[in-house]
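Written out below as structure tokens is the structure these notes cover.
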Amino acid sequence: MTAVHGAPPRRAAGVSAPQVLRQYALLADGRRGALIGPRGDVAWLCAPAWESDAVFTGLLGGPGVYAVAPADDRFVWGGFYEPGTLIWTSRWITTDAIIHSREALALPGAPHTLTLLRRVAAIRGDAVVRLLLDVCAGFGRQPLRDLTRDEHGWAGRAGDLYVRWHGAPQARPDASGVLHGELRLPPGGRHDLMLQLSTRPFTGPAPEADELWPATAAAWQAAVPTTVDGFSGRDARHACAVLHGLTTPEGGMVAAATTSLPERAEAGRNYDYRYAWIRDQSYAGHAAAAAGADGLLDAAVRFVSQHLLTDGPALAPAYVAGSGRPVPDERDLGFLPGYPGAPVRTGNWVNGQFQLDAFGEALLLLTVAARRDRLDADGRRALHLAADTIARRWRDPDAGIWELHPRPWTHSRLTCVAGLLRAAGAVTGPTAARWRDLAGSILADTQATCLHPTGRWQRAPDDPRVDAALLFPGIRGAVPPGDPRTAATLAAVRAELTEDGYVYRFRADDAPLGGAEGAFLLCGYGMALAEQQAGNPVAAARWFERNRAACGPPGLYAEEYDVRQRQLRGNLPQAFVHALLLETAATLPDPTG
């Protein structure tokens, strides 16, 4: 029987205990993503798309998991990505064996069907591996039903999804319908498992793993640059892979693969980031241009241009990544326990916001694309539309980069100044002059109302605090390099908002830094870029090195970093952090020459 409403069924055998975020790896194919934990447990996966209901909810305390792990519970875990891909290998060392499980979402990802590949190998000794499959659609409310078995494995239904598990015919369902099995491999042996979830009935035999693995590896090789010049090519290339994995074929890049992972325990700041933000998309495109990742740049330009042309001055801050539909309104899923420290929410309240800075960021993105000769006619029309919107709306209060109560935020206005000045360089004649004049008017008004007595920029006319977001307009060219206002802002951020090599957004109150929230890794990379621009390459390298250390073995970054506890906070992986890592790595010079 399928449970459609209310709490999910009690299914202790299929529950995966949440782990600290630094231990999760990401598998992604552009249309959806899975988080896999240290016990070989796929603890989070939404199907068929990023914004769909989850079928594995162990990350949020619910049922649903797909686990492949040593039968001997006494093991040490590790793992690694194949360079330039999101093909992950889990590695377990037991008392008597070394076991690997190669994991990937097959590429190219079909819109209606996902294929999760797992290749288990006995690297040393005899491998004994436990298998567990508990597909629970509808965020855990719709368990597996209508199970059938053949010589290759199992098939069934979960909610509206069709399920096929190939390679485990020896598994057996328990009383709850959870499939359990065991796999034994001799030294050097290997075995393929393939899980498929689809909105359509399966017809014909399952595809061959020996064909899907090389096709997936080749797709990653084609999508991600072989090398990225700059400070840390390896990390930059991995950031490219993460951003590519989060980007749909339609061009929309989700802000994160997850929902409801708390920024601070019991603080109420847990959001659904499984949607595409215009600002984040612009950051990613700007970073891709710096790294020479033209595929990512083209995707960002396509997505941002499309929505500018469709919605114009009513451009929403975010959209559903694959379809471009509006983001659904926020709602609570009270039947799930949630990640420890926060309830579960889906949808986002961003719908009702106006974010002025998104138009400035769009100008910066489209201009950098024009400089690389990658802006088509639609992109040029979008460029003009963004500039015209700024002319009409720059005096309107907006929610700003941090999505707060509408005010005339300094960061938003200065970002528009930077975008207009860059865009003026991409056009000629009266239009260029008009955009430069508009930039000058906005800058003059902002200086008159938002310049702190100490000479730095302040957050808003009625808010004298310093904000790390105010580093970015200077980096982007709102004022010339070396401008004293930029230098004073950098000095103030350095003096007031940093701790142990990390940067906080702003002081929410008089409490010590870290009392209200974690450090923002986006701002840490912003510090590195600002120091480099200011002629402080050693300081820039230090900020970069410190912030790129704020991850676990899979090299994934969340939005925030708890400096004292050395833990990731917020949704995972956070796309704009990977974008700024990529840009910083591609911008800073290689210290080895």
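A short reminder: the numbers here are calculations on the coordinates, not readings from a lab. What you see is a predicted model, and the numbers here were worked out from it, not measured in a lab. Positions of Cβ are backbone-derived with ideal geometry, glycine not excepted, and every protein chain shown enters the neighbour counts.
A Förster radius of 35 Å, combined with the Cβ-Cβ distance separating T203 from R434, puts the computed FRET efficiency at roughly 0.05.
Value of Rg to Rh for the range 448-571, rounded to two decimals, is 0.97; Kirkwood radius and Rg both from alpha-carbon coordinates. In order along the range 451-462, phi translates into HN-Hα couplings of 9, 5, x, 7, x, 9, 6, 10, 4, 7, x, 9 Hz, rounded to whole numbers, per the Karplus curve 6.51 cos²θ - 1.76 cosθ + 1.60 with θ = phi - 60° and x for Gly and Pro. Most tightly packed first, judged by the mean number of other beta-carbon atoms within 10 Å of their residues, the peptides 98-109, 345-356 read 98-109, 345-356. With K and R counted +1 and D and E -1, the other residues having a Cβ less than 9 Å from that of R569 yield a net charge of -4. Descending by average beta-carbon neighbour count within 10 Å, the peptides 233-242, 125-134 line up as 233-242, 125-134, the highest first. Once the convex hull of all Cα atoms in the range 342-391 is built, its volume per residue stands at 127 Å³. Shape class for the range 53-94, computed from the alpha carbon gyration tensor (a ≥ b ≥ c): oblate, with a/c not under 1.5 and a/b at or below b/c.
Report the percentage of all Cα-Cα pairs in the range 65-153 whose separation exceeds 17 Å, rounded to a whole percent.
On the way: 2386 of 3916 pairs.
Roughly 61 percent, once rounded to a whole number.
For the peptides 89-97, 75-83, the ranking by mean Cβ contacts within 10 Å, running from highest to lowest, is 89-97, 75-83.
For the range 358-384, the residues whose amide N sits under 14 Å from a probe point set 7 Å from the Cα of L309 along the beta carbon direction are 375-384. Note: the chain, Cα convex hull, 147 Å³ per residue. Given the range 12-214 reduced to its alpha-carbon atoms as identical point scatterers, what log10 I(q)/I(0) does the Debye formula return at q = 0.08, 0.12, 0.15, 0.16 Å⁻¹? Scattering profile of the range 12-214, log10 relative to I(0): -0.23, -0.54, -0.88, -1.01. Where Lys and Arg each count +1 and Asp and Glu each count -1, what net charge lies around P187 among other residues with Cβ under 10 Å from its Cβ? With Lys, Arg at +1 and Asp, Glu at -1, the net is 0. Look at the alpha carbon pairs under 8 Å that are at least 6 residues apart: their mean separation over the length of the range 12-214 gives a relative contact order of 19 percent. Estimated from helices alone, the mean residue ellipticity of the chain at 222 nm is -10500 deg cm²/dmol (sum of -39500 (n - 2.57) over DSSP H runs with n ≥ 4, per residue).
Distance between the 7 Å Cα→Cβ label points at R331 and D210: 4.8 nm. In summary, the range 351-440 shows an alpha-carbon radius of gyration equal to 1.05 times the 2.2 N^0.38 Å reference for compact globular proteins.
At q = 0.19, 0.21 Å⁻¹, what is the log10 ratio I(q)/I(0) for the range 365-509, with the Debye formula run over Cα points and no solvent? Rounded to two decimals, the profile gives -1.13, -1.29.
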